[in-house]
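Take this structure, written in structure tokens, and hold onto it; I'll ask about it next.
The values are calculated or read from the model by the stated rules, or taken from the named source; none is laboratory data. Predicted, not measured: the structure shown is a model, and the values here were computed from it. Here the Cβ positions follow ideal geometry from the backbone for every residue, glycine too, while neighbour counts run over all protein chains shown.
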Amino acid sequence: MKPSSRRAADVRKKNGRVYTPRFIVERILDLADYRGEKIAGKLVVDPSCGDGAFLSVVVERYCRANANLGAARLKAELETCVRGIELDPAEREQCVRNLDAVALNFGVQGVNWNVVCADALTFDRWNGQVDFVVGNPPYVRVHHLGASFDAVKRFEFAQTGMTDLFLVFFELGLRALNPRGVLAYITPSSYFNSVAGKRLREKIVADNLLAKLVDLKHRQVFDATTYSAITVLTPCRESGSATEYFEFSDDGDALTLIERLTPNDFYVDGKFYFSTRRNLRFLREILTFRPPKNAERFAVKNGFATLADSFFIGDAAKFGFTDFTIPVVKASTGVWSRCLYPYDATGRLLSWETLSAVAEVKRYYEAACERLRQRSLTNPADWFGFGRTQGLKDVARNKYAVNTLIRDAADLKLTPIPAGTGVYGGLYILTDVPFETLRALLNNRDFATYVSLLQKYKSGGYYAFSSKDLKAFLERQFVKAQGLTPRSS
Ligand SMILES: C[S@@+](CC[C@H](N)C(=O)[O-])C[C@H]1O[C@@H](n2cnc3c(N)ncnc32)[C@H](O)[C@@H]1O
């Protein structure tokens, strides 16, 4: 990267500068119902307005809806009703220029735009007055916050986990609203299930704030690898009002209403999930199922983490010896190879004396000594072992390797692994349930649906799942398949 583009990337990271495409702005304003004649006199604020992606469309809609007012009145109303906050002076200038250009299209000139160069974290002058808060707040992870850290940590929504700047923009946006106001943002969808998003979720549920939600799922509208959601919050809702859940059509920019939901549907075990009510009921059954005491039939664990697979994994030709090697399967592909396994039958690390007694093994290790020592090791003296100890204790047991990324049922790779062999690059299942039963539980559309409902989006249209997710599914579906009565917590 050239120094200038690296500088630009740094500024982007620090200020969370990502620009919103026009069609997203249009859909967000539609969802907030910022359109038509009723927006006359309504105050709209973008608290992180950048160069004016939202405010430009706001001005266009305002001018179109109020074209009959005449240039002088329209100018006065734009100065009162359209407002922005932007930290970066150059962005603020560009925003003003962009808004001038839009207004000029409607014959309005010389607008004294109420776009302030300020820090939205401390700017409270308009609190309680605003009809519409809209925007794409900055996404800045806690470790890039720098001088803003203390200001951020004063917010209620920043009290848990590894917070992110966009979470506190929800809080400051809600404070800006008047009692009948509407907030509509596009943000990362990570707040559905992150520890950092806990307080925001709790507030949304406690006050029944969520009027509309669009999960963009795998669709990426920014150049960053961010999975996004559009969230519309309205403080003034009758208790029991539903949340309208939308998705984008696969190939277009139109929204489809999928379902009207309540927190009883979308708030499961403290996290947010969005789909049809039927799917969410199925998900809730699994996530809240607790197997009867001592009746658990499955353990799901992570395979080896050598932190140097290119050293430890290979074939006989690569190693030039077979001592201390075992067969190993890569769970993500189901492909077998061999693994240099410097452990005894109980999973305890062998001594360097034992290993180096075989000249070829000693030579193989010594050629890579530096690289192995550079791994982040719990005990540096164990430089000739794997980076982590996971998966070692179960080498002596029969198990089933399974991949952790799927698009649909056909992507699942379930590989039986006999005792004495290892697993890396994925998970393994320990169970006394026969292989055919296990396969029937997993190789079906229900499992793929369940994994997609977990909303762990990955590039290429894949969904991820964890060992905990897989265990929850297996325990619940096994009991169901046996015709026993499942017990939910
Ligand atoms: C994700 S960009 C969005 C810009 C514009 N709203 C859009 O959608 O294209 C976020 C903007 O927030 C600004 N910003 C970052 N921290 C801010 C703060 N504390 N107060 C106000 N603006 C801030 C950045 O400079 C950047 O222009």
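What's the total number of residues in region 191-227 that are of a type in the set (Lys, Arg) and not in a helix (DSSP H, G or I)?
Number satisfying all stated conditions: 3.
Of everything in region 289-334, what is of a type in the set (Phe, Trp, Tyr) and over 34 Å from the mean Cα position of the chain (by Cα)? Give them in sequence order.
Phe319, Phe321, Phe324
Looking at Phe106, Phe155 in this structure, which one is surrounded by 15 or more Cβ atoms within 10 Å (Cβ to Cβ), within 15 Å of the ligand (Cβ to nearest atom) and assigned by TED's automatic domain parsing to the domain that holds Arg61?
Values: Phe106 fails: within 15 Å of the ligand (Cβ to nearest atom).
Every option except Phe155 fails the conditions.
Glu60: under 15 Å from Val25 (Cα atoms), assigned to a helix (DSSP H, G or I) and either within 16 Å of the ligand (Cβ to nearest atom) or free of Cβ contacts under 8 Å to residues at least 12 places away in the same chain (or both), yes or no? Quick ask: steps written out before the conclusion?
Details: under 15 Å from Val25 (Cα atoms): yes; assigned to a helix (DSSP H, G or I): yes; either within 16 Å of the ligand (Cβ to nearest atom) or free of Cβ contacts under 8 Å to residues at least 12 places away in the same chain (or both): yes.
So Glu60 fits the description; yes.
Could you tell me whether Ala196 is in the same structural domain as Val59 (by TED's automatic domain parsing), small (Gly, Ala, Ser) and touching a residue at least 60 places away in the same chain (Cβ under 8 Å)?
no
If you take the residues of region 463-489 that are part of a strand (DSSP E or B) and modelled with pLDDT of 95 or more, which of them is nearest to Asp408 (Cα to Cα)?
Tyr463
Glu247 fails exactly one of the following numbered conditions: (1) buried (at least 18 other Cβ atoms within 10 Å of the Cβ); (2) within 15 Å of Phe132 (Cβ to Cβ); (3) not hydroxyl-bearing (Ser, Thr, Tyr). What is the number of that condition?
(2)
Could I ask something else about it? Looking at (1) at pLDDT 95 or above; (2) surrounded by 15 or more Cβ atoms within 10 Å (Cβ to Cβ); (3) over 23 Å from Asp215 (Cα atoms), which one does Val451 not meet, given that it meets all the others?
Just one mismatch for Val451, condition (3).
Now for a different question. Within region 176-189, identify whether any single residue is surrounded by fewer than 24 Cβ atoms within 10 Å (Cβ to Cβ), in a helix (DSSP H, G or I) and at pLDDT 85 or above, and answer yes or no.
no
Ala440 passes all but one of (1) closer than 24 Å to Glu285 by Cβ; (2) without any contact (Cβ under 8 Å) to a residue 12 or more places away in the chain; which number fails?
Here Ala440 meets the rest and fails (2).
Take the residues in region 367-392 that are loosely packed, with under 12 Cβ neighbours inside 10 Å and part of a helix (DSSP H, G or I), then tell me which one is farthest from the chain's Cα centre (by Cα). Before the answer, list the steps.
Taking region 367-392 as the starting set, the residues that turn out to be loosely packed, with under 12 Cβ neighbours inside 10 Å are 367, 369-370, 373-374, 376, 378-381.
Of the ones still in play, those that are also part of a helix (DSSP H, G or I) are 367, 369-370, 373, 380-381.
Working: Ala367: 40, Cys369: 37, Glu370: 36, Arg373: 33, Pro380: 34, Ala381: 37 Å.
Ranking the candidates gives Ala367 first.
Conditions (1) among the acidic types (Asp, Glu); (2) in contact (Cβ under 8 Å) with a residue 60 or more places away in the chain; (3) on the phi < 0 side of the Ramachandran plot, marked per residue:
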| residue | (1), (2), (3) |
| --- | --- |
| Leu405 | no, yes, yes |
| Thr415 | no, yes, yes |
| Gly425 | no, yes, no |
| Leu430 | no, yes, yes |
| Pro434 | no, no, yes |
| Arg445 | no, no, yes |
| Val451 | no, no, yes |
| Ser459 | no, yes, yes |
| Lys468 | no, yes, yes |
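Follow-up question, since we're still on this one. Does Phe319 qualify as being surrounded by 18 or more Cβ atoms within 10 Å (Cβ to Cβ), assigned by TED's automatic domain parsing to the domain that holds Tyr463 and in contact (Cβ under 8 Å) with a residue 24 or more places away in the chain?
Values: surrounded by 18 or more Cβ atoms within 10 Å (Cβ to Cβ): yes; assigned by TED's automatic domain parsing to the domain that holds Tyr463: yes; in contact (Cβ under 8 Å) with a residue 24 or more places away in the chain: yes.
Judged against the criteria, Phe319 is a match.
With the checklist (1) outside the structural domain of Ala211 (by TED's automatic domain parsing); (2) within 24 Å of Ser239 (Cβ to Cβ) in hand, flag the one item Leu261 doesn't pass.
The failed condition is (1).
Does Cys95 qualify as being buried (at least 20 other Cβ atoms within 10 Å of the Cβ), within 16 Å of the ligand (Cβ to nearest atom) and assigned by TED's automatic domain parsing to the domain that holds Phe132?
yes
What do you reckon, is Asn114 at negative phi and more than 10 Å from the ligand (Cβ to nearest atom)?
yes
Going by what's in this entry, would Gly52 be described as away from the ligand (no atom under 11 Å from the Cβ) and touching a residue at least 12 places away in the same chain (Cβ under 8 Å)?
It is false that Gly52 is away from the ligand (no atom under 11 Å from the Cβ) and touching a residue at least 12 places away in the same chain (Cβ under 8 Å).
If you check Val130, Val134, which single one turns out to be under 30 Å from the mean Cα position of the chain (by Cα), under 30 Å from Cys236 (Cα atoms), in the same structural domain as Ile230 (by TED's automatic domain parsing) and near the ligand (Cβ under 9 Å from one of its atoms)?
That would be Val134, the only listed residue that is under 30 Å from the mean Cα position of the chain (by Cα), under 30 Å from Cys236 (Cα atoms), in the same structural domain as Ile230 (by TED's automatic domain parsing) and near the ligand (Cβ under 9 Å from one of its atoms).
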